[in-house]
Each structure stands twice: as C-alpha cells, then as structure tokens.
1. So which of K140, K147 is open to solvent by less than 90 Å² (accessible area, probe 1.4 Å), in a helix (DSSP H, G or I), touching an Asp or Glu at 6+ places or on another chain (Cβ under 7 Å) and free of Cβ contacts under 8 Å to residues at least 40 places away in the same chain?
2. Can you name the number of the only condition in (1) more than 22 Å from S514 (Cβ to Cβ); (2) assigned to a helix (DSSP H, G or I) that N449 fails?
3. Of everything in segment 755-766 that's in a strand (DSSP E or B) and touching a residue at least 60 places away in the same chain (Cβ under 8 Å), which residue is least open to solvent (accessible area, probe 1.4 Å)?
4. Within segment 468-482, which residues are part of a helix (DSSP H, G or I) and in contact with a helix residue (DSSP H, G or I) (Cβ under 7 Å, 6 or more places away or on another chain)?
5. Listed residues G626, G536, G566, G617; which is surrounded by fewer than 17 Cβ atoms within 10 Å (Cβ to Cβ) and over 18 Å from the mean Cα position of the chain (by Cα)?
6. For S478, are the conditions met, namely being of a type in the set (S, T, N, Q) and buried (at least 22 other Cβ atoms within 10 Å of the Cβ)?
7. For segment 569-599, give me the residue count where each residue is modelled with pLDDT of 95 or more, surrounded by fewer than 21 Cβ atoms within 10 Å (Cβ to Cβ) and closer than 24 Å to K684 by Cα.
8. Just to be sure before I move on: is H235 touching a strand residue (DSSP E or B) at 6+ places or on another chain (Cβ under 8 Å), under 30 Å from M491 (Cβ atoms) and at pLDDT 95 or above in the structure I sent?
Amino acid sequence: MRLNPSSSASRCIGVRRAAALQPQQLRHGGLAVVPGTAPAGRHAGGLAPPRCQVGDGPSALEMLRQENELLREALGDTASGGAAAITRDSPEDYWMPSISVPEGVPYQDEYGAISPIPDHDGTDCFRWDNTLWSQQAHFKYRWEVFKNVRQAMLDNEGGLDKFAQGYLKYGLNRGEHEGQVGTWYREWAPGAKALALVGEFNDWNPKDSHWAHKNPFGTFELFLPDVDGRPQVPHRTKIKARIETASGAWVERIPAWIKWATQEWNEIQFNGINWEPEEVGAPGEVHPDKAYTFKYPRPPKPRSMRIYECHIGMSSAEPKINSYLEFRRDMLPRIRKLGYNAIQIMAIQEHAYYGSFGYHVTNFFAASSRCGTPEELKALIDEAHRLGLVVLMDIVHSHASKNTIDGINMFDGTDAMYFHGGERGNHWMWDSRLFNYGNWETMRFLLSNARWWVDEYKFDGYRFDGITSMMYHHHGLSMTFTGNYEEYFGMATDADAVVYLMLANNMLHDVFPSVITVGEDVSGMPAFSRPWQENGVGFDYRLQMAIADKWIEVLKKCSDDQWDIGNIVHTLTNRRYAEKCVGYAESHDQALVGDKTIAFWLMDAAMYDGMSAPGHGPQNSAVDRGIALHKMIRMITVALGGEAYLNFMGNEFGHPEWIDFPRVDTYDTSTGAFIPGNGGSLEKCRRRWDICDAETLRYKDMNAFDRAMNHLDKAFGFVDAPHQWISRQCSMDKMCVVERGDLVFVFNFHPVSSYNDYRIGCRDPGNYKIVLSSDEPVFGGWSNASKDADVVFPAHQGNHDNRPCHMQVYAPARTVVVYGPADWCDKDADRKPHGVPGLGVRDLGPYFAR
C-alpha cells in the first residue's frame, strides 16, 4: 500500500509530505503568491491579498480582483445594494453570512447529464500509484463489469439517470391511466402470488379493484382512479400491502418504497403512511398540511469541510426525542457559531429500533417519523442552506434490518429478493440482511434511494456507512489489513458491491455536480477516493478511521509523559497520496455506552465535581491536564489528519459520560444470557448544552477553543492546504512542529517542561506572530504564550531541521501555539464586533472561505 512517507524510528526526525507548491510560494486559491507582501490596507473586496506572480496568459491579479469582488458581494457589502446585502450584527454574520433571495421565488435544482464512459482499459488510476500494475487483471475486470452494467441500463432502462429514478414509478405516485387521474402503486415482489393494497382507505378489507396485477418481470401494478376529484388513498392514510407468498401464507408488509412510516403510541409495529400533501406551500413556508417548497440554493462545495456529525433525536438538552423543527431553531445557529460549514445527520432513514443509532434501516425512502414529518425535515435542510451549511446524510446501503412486518426482509416470503439468500445474506455480527449488489432490482432500489434524498430533500451528499463490509465477502471481520494489495483485489473482494459504489458515485456526481460523498472504509482500499472515470471507487473522501482508534489506544495504554510522538504522527499522516481523507479525533462511535469519549478518558470522575471555573469552586489538576490535552489532540488532528475534519455533536466541549439509548431488559437470543436495560430512559440520550453554556463551568473553555480552531481554518484555509511538512517530531522533548499552508503549529505535549528560545524550522523568512494559542485564558489557559503579548518572531534564513528558515519561540508545557504571517495577525481582533474570542486574525484573514 503506497502511503505518504513517515517514520517513527527516530525520536526526533523531520518528515515531509508532498507539497503542490514551491517552497517560497503561499497558496491563494490556486494562484502562486509571494510571501511577505500583504499591504496594510484593505483591498476593494474586503481582503488584502498578497502580491501575485503574473505569468503568461490571463492576469492573475485580475483574476484575484474578480474573486474578491464575488466575495464582497457574498458578504453583503452594503455598497453593492443587492439583495444579498446583510448587516453584521454578530461575528456569525461576518464570518458566515446568511443567504438572501427574492421573496416568492422557489429554488430549483439544475441537473447534470450522465457522462460518457472514458475510453481506457481500467488502469487510468495507476498514474497515481504505478505499483497497482500488479493488480491490473482485477482492475480491468472491474472496469468491464462497470461498462457492461452501464450499457445494459442504457439498452433496457434508458440509461443510468432514468434507472436511478425508480421512486417516480415504484411505491405510490400520482399519475394517469387511460385518461383518468389517480394513484399508481407498483411493487416488485417476484415470489408473491398475489398482492393487494389495504389500509384505512378501504377499512383494511380490499375490494376487487384493490388487487394488483403482476407483470412478467415480477412487478405488481395497481391504479386507483380518483373519486369525485379526490384520491382514493388520502394524504396521511395508513396503508400496507397484503401478500400471498409462494408458500400460500398471507402476510402484510409496509410498501418497500414508502415515503413515511409511523408508530402509534400503543403499537409495536410501524405502519406505512401515504405521504402526498395536496397543497403546496409558498417558498420557505412550514405548514403541517402543505408540501414544503425550497427557498434557498445549495451552498457551494466547501474548500475544506468542517463537519458537525449530529443526531436529531438526541440533540435536546432535555431527556426527550428532539424534533426537526427544534433542531432547526436551536442547533443550526449553534453549529454556525462554532464555525462548521457542514452537518452530517445520522439516523434519517426510518428504523424501527431507536437504539440502533439508525443503522438497522427498515424503510429506506422514509424520513424518521420520531422527529417529525418529511416537510419539517425539508424545512431544516432549507434553513441550513440559508445559513451556508452543507447538509450530508448518513446513508446505510451496507445492510438492512431483519424486520419483516415493518421492513423489507422476506417481503414476498422468500429469503432473497433484494438480498443474498442463505448464509451469505446474513451478517452474523450485525444481525442484519446483506444486499445482493449484482441483482438488477436491488441496484434500482439502492441507486434510486441514493438519488431520492438528494433530489427530494436537497441533501448535499452522503456519508456511506459500513463500506468495508460491502466491499469484501469477509466484511472486514477478523481481518487485519496489512497493505498487501492481494488483500484488496482478490477473491475476497465483492466486485458487484464495488461496481455498485462506482455507479452510485457516477450518478450522484454527474446529476448533482456539487454533491459530496464520504465513504466509511477502514481497509484503506487503493483508488477508493479517486474518480470513477479513472476506475476509482469515486468517493470524494475516505473517513480516516485509524486516527480515533489510535487516540483511544494511546489514552488507554500510557500516560502522556510516555507518548510516542513519532508513532502518533505516523498514524495521523498514514494515508494514500492523492486520495482525500476526513480526519477526526472521535466520532459517535467513541461516545456510545461501552466506550469513552476523549474528555472522559482524560478526566474521568473529575468531570463530575472538578469542572468549576476559577472563582466558582475548587480547581482540579486532572481537569487542567484533561482540558489542555483535549485541545491539543483536536488541533494536531485537524492539522495533520486529512483534508477535512469531523466532530460529533457535543464532543467539542467534552460532553461528560456516554450515549445510552433507551433499552428494556432482554435476553441474548443465542446464549439466553440476561441483558439488563435502563428502564427505557432517555436520561443519557441527550446533549447537555446547559453545562456547555454555563459560565461557572469549564466546558466553555473547550467549546471556545473549538470555535477558534474552526475560524482559523476559515481565515487561512490550512486544513486542505497542499503544503504540509512535519519538521520535528521528538518523543524526548514531546515536541511536534508542523507547517500547514502559511501557518506553523508548535505542539509541546510535555507534562512539565516548557522551552525558552526553542528553535524551530519553517519554510518562509519574515515576521510571525501568535495567531492562536491554546494557552489563552478564554480557553482555560495561563497566558504563558498569548497573542496579546504582540511579540514579533522573526524567521531568518538558515537551515534548521531540514527547513530553509528558522525562528525561536517559547513553548509552554501542554500547549499548542500557532504562528502566522505577522501582517495577518491582530492581537485585538477578538475585541472587535466581529471577533472570535481568542483568535488573532486580522479581518477575515488572507484566504477566507466559509
């Protein structure tokens, strides 16, 4: 497996990752610019850009002026007089201006066309890794399968685009038949002998006209003409399919393509609901009986994503299941204030068991009814777009719930249908069903599902869950991936699943050009995050899952005075060249009952009685240590862990304890062992925003640092900067010095030793200042290294740690201090109306982006 070079063999060693720009160039949106030439005044666009190098062709300076003019308009400069003009009443309005659009004008997507298949033999992705030639037979085979499926879709279904719009045909849809307007119901159930639609509309007793006809392809079709101008199956009506199976048994099932399913308070099973509002609301209008009309455009694809992973149900401070509208009102402004530019929402697809965290999906096209209606979810997404937030959905196509009555398992009475039959169709660890990705109707169902949520709800992309389980017949269980290519491209690989993922990425990226896909893959499969056109799997990002595991391992096994800095850095940077990753220190996995969050590992019992802020109670050394390392762990993960960053809701402020979904006492079905529940309590299935917001508690310190860290990336764009260089990783001093973009990060993990006049290497000469320090009082620090000192740190020519320049700094114990070009630092920035506490960035910084 080809990885970026890194080594932990030496305690103090300089490590370089490939930089796309020359050492003496700063990055500015793809233009090469000379360091140290930023003027003191503001440019017409609100920024003072460094002087550009102008080469042949169009003027780079003119391009930069055009970019700044667009930025000025986006920020609502009142001089523009346009509809986008805003008032900057808060830092959020300055750093994350909301979008304004004309009243009464609905937003409409512009769809792209499916791209032609490039003419190559399937080895185009090898130009990024020529060692893949050893697996050329597998890649050529995969490419042929992909091309053949695309061609079959074109020949039989009108192409991939139409094939992935099955929701317009299957399930319940309004339409016409022989000149009559009415409701069509179609369901693929090849093993069934007969099928009728039943529900409240016919008193659960089908008439002759309610029985569907089966076509030669196994699809049942039923048309119900309107009566007196009204649908026979009204909006919000409970419905099910009554099916005679191949064995002659009669069963009732929720239609597989149902758009909403609900559970009555006194019932265990869910019911399908015909969701078809007859009235259409005005753009942005939230009305219980009207279809929601989107008002705001999708935000542009972020330069680098800062993802806030969230769960609607547990987002309340109260022990209850929160709603879409409450999340819209309370959580979106909080996320915007923190500086994230994307939210990733979990547990959207309906799941009968709340405690599954949304991963045992029962109804793939239905938004979870626990949190509200489909229209209320749409209103949430539209409001997020108004605030400039990209909205990703955690989509589950890796497996499905085993439920039969309210799921799709054994829908027609057979073991297979959408799934593999027998042992291959069952996941022994997850106790769930596994899809047959080579089945035509399974591909239609899943590809249509992937398009549905982006098309109907305006999601901006997906985190695909459990991809490793999909791509290998062993599902990644009891398997350690060593990097040997035979592990990725052999008989253990499920080529049908990989081709399905390529088709999904092909369809999504072509039809919705701004879409973003993230894959949860722990194996490290090569070409996973390369475009499908190259015969890559097609994801924009891979989740860098090893980082969170490393932090838990480090916190479990040794105290911080024993940390191997080189080993930590190796894990943070151990990713494939030219394949983007989402780095994270912890996600929802570490917050679940049975595990611990980083804050809990660091502070444990001290979080119960030692979190008083100074002046409000006794101070605790364990808390001092925990907060200091909590900030450092997050910052080094952001700086080195990938080209995007993710945080799970509440972990930014060190949320205490764990997530425990409501559970009742039960027994293990295989062993009979008693499994105690928690009495169905929601007490630990919520987020304690009250302690985060309390001025008397120290949770606010970690929250403030997270906010400043995100805004630092807004200003300097370091997270996705191509220049990344580790000049020092010393386990003896516990020091790590990192360059990312124009910034220099100095980490001192030593528990007691601070270093005066510590010489560090850097790329560029000139003056530096502190732009962010974890030691600021607003972050719970001690001001030993503070932007307020306004000290200039001159960097001089002269090799040090294999860097062309060097400067001398003060590195207090257990701190991270970030140095930026002095012209872009302002010690008083956080005292201004737009200021972010603890952040010393002048104006919006040199490379501002949402």
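1. Values: K147 fails: touching an Asp or Glu at 6+ places or on another chain (Cβ under 7 Å).
Only one candidate passes the filter, namely K140.
2. Only one criterion is unmet by N449, namely (1).
3. We begin by selecting, within segment 755-766, every residue in a strand (DSSP E or B); these are 755-762, 766.
Narrowing further to those that are touching a residue at least 60 places away in the same chain (Cβ under 8 Å): 761, 766.
On the way: G761: 0, G766: 31 Å².
Applying the filter and picking the extreme gives G761.
4. Within segment 468-482, the first condition is being part of a helix (DSSP H, G or I), and the residues that meet it are 468-471.
If the condition is that a residue be part of a helix (DSSP H, G or I) and in contact with a helix residue (DSSP H, G or I) (Cβ under 7 Å, 6 or more places away or on another chain), then M470, M471 are the ones that fit.
5. Working: G626 fails: surrounded by fewer than 17 Cβ atoms within 10 Å (Cβ to Cβ); G536 fails: surrounded by fewer than 17 Cβ atoms within 10 Å (Cβ to Cβ); G566 fails: surrounded by fewer than 17 Cβ atoms within 10 Å (Cβ to Cβ).
Checking each option against the conditions leaves just G617.
6. Details: of a type in the set (S, T, N, Q): yes; buried (at least 22 other Cβ atoms within 10 Å of the Cβ): no.
Against the criterion (of a type in the set (S, T, N, Q) and buried (at least 22 other Cβ atoms within 10 Å of the Cβ)), S478 does not qualify.
7. 0
8. Judged against the criteria, H235 is not a match.
The values are calculated or read from the model by the stated rules, or taken from the named source; none is laboratory data. Remember, it's a predicted structure, so these values are computed and weren't measured experimentally. Here Cβ is always computed from backbone atoms with ideal geometry, including for glycine, and neighbour counts include all displayed protein chains. Areas reflect the complete protein model, heavy atoms only, side chains present, ligands, DNA and RNA absent. Shrake-Rupley method; radii C 1.70, N 1.55, O 1.52, S 1.80 Å.
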